[in-house]
Amino acid sequence: MADELADGFAEYVGQRHDRLCRTAYLLTRDWATAEDLVQTALVKAWSVWRRIQADPDRYVYRILVNTHASWWRRRWRGEVPTEVLPEGVPEPDVGTEVAERSALWAAVGELPARQRATLILRYFDDLTPEQVAAVLSCSVGSVKKQLSRALARLRVDPALDDLNLEALR
C-alpha cells in the first residue's frame with residue numbers, strides 16, 4: 001500500500017511539477033522562491049496524500065496559494081532589490097515582446113494577492129471559474145468580481161499604456 005501511495009505521488013509530481021512551478025513563479029515573481037513554494041506545497045500534500053489522491057490538483061493549488069499568502073504576510077524584508085547589480089553585469093538586449101511581457105507581469109505583480117491569484121489560476125492555468133472558486137474556497141461570483149477588478153486595474157495602469165494588449169480591452 002505504501003509503495004502504491006508513493007508511486008501515485010511520484011507520478012503526480014512528475015506530471016505536474018513544471019506547471020506548479022510556473023504557477024508559483026507567477027505568484028511570487030521569483031524562480032527560486034517559486035521552487036521553494038512548490039516544494040513546500042508538495043511536502044504538505046504528501047502528508048495528506050492518502051486523502052486527496054482522488055482530486056489532488058484542487059488541493060495542491062489551494063496549498064500553493066495559501067502558502068504563498070502566508071509567506072507574503074511573513075516576508076522578510078531584510079534584502080532590498082536594486083536596479084543595478086553590484087557586479088555591474090550588463091543586461092542583455094531583449095526584444096520588445098520580452099519587455100512587454102515583463103511590464104505586464106510587473107503590473108500583475110502589483111495587483112492585490114487575491115486578484116493576482118484569481119487571474120493566474122483563471123487565465124494562466126486555464127481553470128474554469130468554478131475550479132478557481134473551489135481552489136480559493138469562495139463563490140463563483142467572488143471569482144468573477146476579483147477577475148473584473150483585476151482586469152479593470154490592468155486596463156488603467158499607465159505602465160501598460162504603450163503596450164498592445166488587445167485582450168484587456
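Within region 47-57, restricting attention to residues that are surrounded by 14 or more Cβ atoms within 10 Å (Cβ to Cβ) and assigned to a helix (DSSP H, G or I), which residue is nearest to the chain's Cα centre (by Cα)?
57
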Under 9 Å between Cβ atoms, which residue pairs at least 6 apart in sequence (or on different chains) link something in region 49-74 that is over 19 Å from residue 113 (Cα atoms) and at pLDDT below 85 with a partner that is buried (at least 16 other Cβ atoms within 10 Å of the Cβ) and not aliphatic (A, V, I, L, M)?
51/59; 52/59; 53/9; 53/12
Among the residues of region 14-43, what is the count of those that are assigned to a helix (DSSP H, G or I), surrounded by fewer than 16 Cβ atoms within 10 Å (Cβ to Cβ) and free of Cβ contacts under 8 Å to residues at least 40 places away in the same chain?
9
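The values are calculated or read from the model by the stated rules, or taken from the named source; none is laboratory data. All values reported here derive from a predicted model rather than from experimental measurement. Positions of Cβ are backbone-derived with ideal geometry, glycine not excepted, and every protein chain shown enters the neighbour counts.
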